[in-house]
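> Have a look at this one before I ask anything.
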Amino acid sequence: QVQLVESGGGLVQVGGSLRVSCAASVRTFSRYTMAWFRQAPEKEREFVALITKSNVTLYANSLKGRFTISRDNAKNMVYLQMSSLKPEDAAVYYCAAKEWSVTIDKNDYNIWGQGTQVTVSS
């Protein structure tokens, strides 16, 4: 069973940067599309970014240019570098995994981490 553990969340000032990480416990990590979603209070969980097994990346349009997703297959890690953070970026950030296929639909992902809180202070 694949397990995902996020880390790196915390408090950051508006305009600052933060990197969150996700560690995956699976031997075939390179087969997985890895994605980040986020959920703010009272809001739906929304797609942030994904990276395919071939390192193709896709971002939510509103985040393009500020967020960067990357992966290290040797370490079974995926990262989300966030910059120029805004108050509306505050949320719990979740890592998700999907073997083989590529999708931005949260309902297609069946492997999730527990989330890491990102708070942006003004």
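The values are calculated or read from the model by the stated rules, or taken from the named source; none is laboratory data. Just so we're clear, the structure is a prediction, and the values are computed from it rather than from any experiment. Backbone-built Cβ (ideal geometry, glycine too); neighbour counts: all protein chains shown. In case anyone asks, the SASA skips ligands and DNA or RNA and just uses the protein heavy atoms, side chains included. Shrake-Rupley method; radii C 1.70, N 1.55, O 1.52, S 1.80 Å.
> Each residue of region 99-110 in turn: what ³J(HN,Hα) in whole Hz from Karplus with 6.51, -1.76, 1.60 and θ = phi - 60°, glycine and Pro shown as x?
6, 6, 7, 10, 7, 9, 7, 4, 6, 8, 9, 10
> What is the extension gain from Val5 to Ala74, computed as 0.36 nm multiplied by their sequence separation minus the C-alpha to C-alpha distance, in nm to one decimal?
Additional length available on full extension: 23.2 nm.
> Compute the longest continuous run of the chain that contains no exposed GluC sites (Glu not before Pro); treat a site as exposed when its DSSP state is not H, G, I, E or B and it has at most 14 other Cβ atoms within 10 Å.
Excluding the exposed sites themselves, the longest stretch runs over 45-122.
> So, one more: Could you list which residues have their amide H under 5 Å from that of Arg66, counting only those 5 or more apart in sequence or on another chain, with H placed in the peptide plane?
none
> Under 21 Å between alpha carbons, and skipping anything fewer than 8 positions from Lys106 in its own chain: which lysines qualify?
Counting by Cα, and skipping residues close in sequence, Lys106 has these lysines nearby: Lys43, Lys53, Lys64, Lys98.
> Explain nothing, just the number: relative contact order of region 82-122, from Cα pairs under 8 Å at least 6 residues apart, as a whole percent.
Computed over region 82-122, the figure is 55 percent.
> First select every other residue whose beta carbon is under 13 angstrom from the beta carbon of Thr57; then total the charges, Lys and Arg +1, Asp and Glu -1.
+3
> What whole-number value in Å² describes the accessible area per residue of the chain for a 1.4 Å probe?
53
> What are the extents of the Cα atoms of region 1-63 along their three principal axes, listed from largest to smallest and rounded to whole Å?
Principal axes ranked by extent give 37, 24, 24 Å for the Cα atoms.
> Still on this model: For region 23-38, just list the computed ³J(HN,Hα) in residue order, Karplus coefficients 6.51, -1.76 and 1.60, θ = phi - 60°, integers in Hz, with x standing in for Gly and Pro.
9, 10, 9, 7, 6, 9, 3, 5, 7, 8, 6, 10, 9, 10, 10, 9
> In whole Å, what is the distance between the alpha-carbon centres of region 77-121 and region 14-44?
Comparing the Cα centres of region 77-121 and region 14-44, I get a distance of 3 Å.
> May I ask you to list the trypsin sites (Lys or Arg not before Pro) in region 31-67 that are in a DSSP loop and have at most 16 other Cβ atoms within 10 Å of their Cβ?
Lys43, Arg66
> What percent of all Cα-Cα pairs in region 71-122 falls in each 10 Å bin, counting up from 0?
Computed distribution, short to long bins: 19, 44, 31, 5, 0.
> Report the local net charge at Val102: Lys and Arg +1, Asp and Glu -1, summed over other residues whose C-beta lies under 13 Å from its C-beta.
0
> Over the alpha-carbon set of the chain, work out the extent along each principal axis and list the three values in angstrom, largest first.
41, 27, 25
> Ok, one more. Per-residue HN-Hα couplings for region 14-22, Karplus 6.51 cos²θ - 1.76 cosθ + 1.60 at θ = phi - 60°, whole Hz, x for Gly and Pro?
Karplus values, whole Hz, x for Gly and Pro: 3, x, x, 10, 7, 10, 9, 10, 9.
> If the elastic network links every pair of Cα atoms under 10 Å, which of Ala74, Ala35, Ala49 fluctuates the most in the Gaussian network model of the chain?
Its mean-square fluctuation being the largest, the pick is Ala74.
> With +1 on each Lys and Arg Cβ and -1 on each Asp and Glu Cβ, how big is the dipole of region 38-110 about its Cα centre, in debye rounded to the nearest 20?
Here region 38-110 has a charge dipole of around 220 debye.
> Something else about it: At 1.4 Å probe size, with the rest of the protein present, what percent of the exposed accessible area of the chain is carbon and sulfur atoms?
46
> Right, here's the next one. Quick query: amide H of Val48 versus all other amide H atoms, modeled in the peptide plane; which residues come in under 5 Å with a sequence gap of 5 or more or a different chain?
Amide H neighbours of Val48, under 5 Å, 5+ apart: Trp36, Phe37, Arg38.
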